[in-house]
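S.K.: My questions all concern the structure below.
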Amino acid sequence: MDEVKARIQSQSSICSESNGDDSGKHDVPATLNTRLCLVGSLADDSTLRTVAESYGVPVVTSKDGQEYTHDDSCSTIFVLENFEGNVFEKLHKSRKRLLGTTALQQLVKKKEKLPLNTRPLFNLAMTGVVVCFTGFRNKEELTKLVPLIHHMGGSIRKDMSTKVTHLIANVCGGDKYQYAATFKLPVMNLQWIHHSWDRRHDLDFSATLDTVISEHKLKPFHGAKVCFVGFPPEEEKHMTEVLLCNGGDVTTLDDPSCTHVVVDESTVAERLDGPAKAWVVKAEWFWTSVQKEISLGEKEYLFDDYVDQVLSPSGRRDSQVAGGTATPSSASRRKRKRLHDTIQSLAMSAASPGLHKRRSSVSDAGLLSVSGSFLDCTTSPNSKELLDGGLEPQPPETPRKGLTQRHQVFLELLQTETNYVDILHTIITMFKKHLEEMPEEEALLNNTELNLIFGKLPLIYETHVKMLDEFRWTSVHWHEERTVGNIVVKYSTELLRAYPPFINYFEEMKEVLQQCDQNKPRFHAFLKACQTRPECGRQSLQELMIRPVQRLGSISLLLNDILKHTAKTNPDHAALEQALAALREVMTHINEDKRKAEGQVTLFNIFNDIDNCPPDIVSSHRSFVTRAEVVQISQSEGLASKGNNLVLFLFSDQLEVCKKKSKAYTLKSPSTVGGSLQNKPFAKPFKHVRLMPLNTIKRVIDVTEAEGCHKVFSLVCRNNEDLKERLHSFAMVDEDSDKVAFLKTLTRTMANNACTADAEKFMAYIDAHQLDIDTSEVSNNGSLSKAFARFATTRFKVGRAFSFNKTPSKLKRAVSSMMSPFGSSNALTPASQLAQMKLASYSNINELGNSQDETLPMPAAPMSVQPTRKVNSASLGANALKRC
């Protein structure tokens, strides 16, 4: 595109020159004895007259201009409103200089001299444009197009040359079309000319604007009738949609007008008897044409050539041998023959374990389950050329008969490592390097996307290239005491440095790759074209990119298999154990790093979803634990109102309480795609209510399940600055949620935060029959029903153990220690402390006398248990922890 713009600027400089003056008048005066004549209704246009007078030449008016056509005393330039009608035709036949009103205003705006044009010039929309036509058989159509190009300042060439800037085509194909494709000239359709002429009165319009060029480029399959053969139904349907979007039509194999037959070479192994004039091409031609937005030359993608070179290695022997010497094609076919034999031998070895006198957990099902593909245990098609001479040549193939079990498994390790390095090389060269080296105007991905997808692969590739080099050297110089484990140990540090950045952000990389694949049609076509190549083994980039995630596990299995067949007296035995330990350490470090990275990402996501969220919630020492959706069933000071839908986010040291908004649109919501929401700001789904440190939660009260009381629990909280405790009661609204599991997680997190091992001390239990609460009508969406309207009068029917103001002091101290995980401040004997710990595990103090563990020592002073009575929640909240 830059080259085309340079050509246009060069042509434009020939057509006109700029004076470079910022004043209303021009420094270089117009040619002497020149005048402007405003024809027809333009005589009454005062604005246009002012524009014409800026040139400093005489301005005259005329009804049709005929009185000035024979006046040779002065050169007259006629300005017309339209280039049609009798007035225009007469002036044009008299070979006078004609200008359109748009051209005159554009010349003044650009401060250019009056042109010495011999053709009528209505505007400057195509100044510097040189076009060539191809594929037009109707000369009358061209007769109408040529004058329009001239009127807009463009010129025309019959043949393609270096001066041509644009090709206007009516068909995809031909020498001119391929010339334009080779030199990256824009290939335009007819609508480009008509659209430009329709905007002839627009002073700011240019036919060479990028948006205009992109809109009117000839589609790559314009006029083509394509038939797809051998593709799965879903893939054929997808390719048909792409074909229609790119100007082509789908047809059948027996259609005489068929122009192209696109074949899936992975399923079709024979030549096709298609229409005589149709091109039979591989799928790569189709997808590469879509990617480059131009129909490529079919000769490089012929399916018949693929049949000759790959599927029929024994065919056309007369073209393979010349003078008794094998041609390069013959050598490549022998190479493919060796590949075929290698695959067969590996397949037979996997199917017949008796050949190796053992059943390797890696050589058959074990290896395949780790790699996920047969590519991991077969030779890559171009494995010898992929490394560009960076490694030693591969050792010659050695018959496995007679090899020791240890040697055989090592060869499997070498083979899989070779294939893995080949796959990494394919990703880096075919995808990463190719995408990075694309010119800016053709780029499929930006630098950020490239770095997110491929940026962490080179270090992995470099490490495994060095490992493979040493594996190959060991294979060439093999003897039973060669140490394989030392190679892995040597590079364990580099593996530890290379793998965590890739694996930790693998999900983010995969998401970016999927988004680019879905939202960028040209990139999608590029991936499809690459997938058809044998180097990819018919696998997509997403499938190839998962190999690094699987590789360390595969190496560990192979090393363990080698260890099984290595004697303890062998020097490699200790080295293999050390290598396996090093790999376990690497994988453990990777898992820990991944867990931390995912935790930080989760924190950021939660922070972004909460409106007015405290910024310090995102911290390196904080981690997310779990969440629960609840409805508040108490009128609690410091939290939301009764009946509000809340979400509790439990972190390692804090509990974030959020109000769930009734309507919120997330970035992933399908409704945001519509036009009605495109201009609306992002609405966060939660609103911050309170951030509660876990050390302020003194007790978690579990209300046992009963009819009319489901999934209810309470939190007793107190800050150091508060003078009284606060009671917050909730009911879980999700039917699938596990209240017991959530409360255990909450108390265990509280214990970890308090650096204590006993999480049970934070838990208290209350029987359901002691509550006058009915949650059976809580709706599925978490809103309170009318049954909770009476909650203001709800009372806790607990024993006098919870009525602190009217309970004997000793019992008060005991319950206070139950509510506080750290016990009473009073000095107690060990027996009393143990009794209080036992007391804390009961839902009701009245049950203590009936407990099975009656042998526990009780406090010295006997505790009198009073009859149960109603105690309101305020009493519990105000006095629960006075003695803490």
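S.K.: Taking the stated definitions as given, is Thr251 surrounded by fewer than 17 Cβ atoms within 10 Å (Cβ to Cβ), of a type in the set (S, T, N, Q) and either out of contact with any Lys or Arg (no Cβ under 8 Å at 6 or more places or on another chain) or assigned by TED's automatic domain parsing to the domain that holds Lys277 (or both)?
M.R.: no
S.K.: Moving on. Considering only residues that are within 22 Å of Leu496 (Cα to Cα) and loosely packed, with under 14 Cβ neighbours inside 10 Å, which ones fall in the stretch 563-595?
M.R.: Ala581, Arg584, Glu585, Thr588, Asn591, Glu592, Arg595
S.K.: Let me ask something additional. List pairs: first residue in the stretch 744-757 and part of a helix (DSSP H, G or I), second residue of a type in the set (Val, Ile, Thr) and surrounded by fewer than 16 Cβ atoms within 10 Å (Cβ to Cβ) anywhere in the structure, Cβ distance under 9 angstrom, at least six positions apart or on different chains.
M.R.: Thr745/Thr626; Leu746/Thr626; Thr749/Thr626; Met750/Thr756
S.K.: State all residues of the stretch 254-308 that are surrounded by 15 or more Cβ atoms within 10 Å (Cβ to Cβ), among the charged types (D, E, K, R) and either within 15 Å of Gly230 (Cβ to Cβ) or free of Cβ contacts under 8 Å to residues at least 40 places away in the same chain (or both); if no residue qualifies, say none.
M.R.: Those that are surrounded by 15 or more Cβ atoms within 10 Å (Cβ to Cβ), among the charged types (D, E, K, R) and either within 15 Å of Gly230 (Cβ to Cβ) or free of Cβ contacts under 8 Å to residues at least 40 places away in the same chain (or both): Asp255, Asp264, Glu265, Lys282, Glu284, Glu298, Asp308.
S.K.: Within the stretch 176-222, how many residues turn out to be under 30 Å from Val51 (Cβ atoms) and of a type in the set (S, T, N, Q)?
M.R.: 4
S.K.: For the subset of the stretch 600-621 comprising residues that are in a helix (DSSP H, G or I) and in contact with a helix residue (DSSP H, G or I) (Cβ under 9 Å, 6 or more places away or on another chain), which member is farthest from Ser662 (Cα to Cα)?
M.R.: The residue in question is Val601.
Residue-by-condition table, conditions (1) basic (Lys, Arg); (2) under 23 Å from Tyr505 (Cβ atoms):
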residue: Asn570; (1), (2): no, no
residue: Met587; (1), (2): no, yes
residue: Cys613; (1), (2): no, no
residue: Ser641; (1), (2): no, no
residue: Lys660; (1), (2): yes, no
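S.K.: For the stretch 497-524, which residues satisfy the criterion of being over 16 Å from Leu544 (Cβ atoms) and modelled with pLDDT under 90?
M.R.: Selection gives Pro500, Pro501, Asn504, Tyr505, Glu507, Glu508.
S.K.: Given the criterion within 30 Å of Val226 (Cα to Cα) and touching a His at 6+ places or on another chain (Cβ under 6 Å), identify the matching residue among Met188, Met160.
M.R.: On inspection, the qualifying residue turns out to be Met188.
S.K.: Also, quick follow-up: Before we move on, is Glu535 at pLDDT 90 or above and assigned to a helix (DSSP H, G or I)? Show your work before the answer.
M.R.: Values: at pLDDT 90 or above: no; assigned to a helix (DSSP H, G or I): yes.
Against the criterion (at pLDDT 90 or above and assigned to a helix (DSSP H, G or I)), Glu535 does not qualify.
S.K.: Can you name the residue in the stretch 432-465 that is surrounded by fewer than 16 Cβ atoms within 10 Å (Cβ to Cβ) and charged (D, E, K, R) and, of all such residues, is farthest from Asn486 (Cα to Cα)?
M.R.: Taking the candidates together, the pick is Glu441.
S.K.: Can you say whether Ile503 is more than 21 Å from the chain's Cα centre (by Cα) and assigned to a helix (DSSP H, G or I), as far as the supplied structure shows?
M.R.: Judged against the criteria, Ile503 is not a match.
S.K.: Give just the number: which of (1) assigned by TED's automatic domain parsing to the domain that holds Ala276; (2) crowded, with 17+ Cβ neighbours inside 10 Å; (3) not polar (S, T, N, Q) does Pro220 not satisfy?
M.R.: (1)
S.K.: With the condition kept exactly as written, say whether any residue in the stretch 474-486 is among the acidic types (Asp, Glu), surrounded by fewer than 19 Cβ atoms within 10 Å (Cβ to Cβ), assigned by TED's automatic domain parsing to the domain that holds Gln550 and without any contact (Cβ under 8 Å) to a residue 60 or more places away in the chain.
M.R.: Taking the stretch 474-486 as the starting set, the residues that turn out to be among the acidic types (Asp, Glu) are 480-481.
This time we only want the ones that are surrounded by fewer than 19 Cβ atoms within 10 Å (Cβ to Cβ), so: 480-481.
Imposing the further condition that a residue be assigned by TED's automatic domain parsing to the domain that holds Gln550 reduces the set to 480-481.
Within this subset, residues satisfying the condition of being without any contact (Cβ under 8 Å) to a residue 60 or more places away in the chain are none.
Within the stretch 474-486, not a single residue is among the acidic types (Asp, Glu), surrounded by fewer than 19 Cβ atoms within 10 Å (Cβ to Cβ), assigned by TED's automatic domain parsing to the domain that holds Gln550 and without any contact (Cβ under 8 Å) to a residue 60 or more places away in the chain.
The values are calculated or read from the model by the stated rules, or taken from the named source; none is laboratory data. Just so it is clear, the model here is predicted, and its values are computed rather than measured. Every residue, glycine as well, gets a Cβ built from its backbone with ideal geometry; the counts of neighbours run over all protein chains shown.
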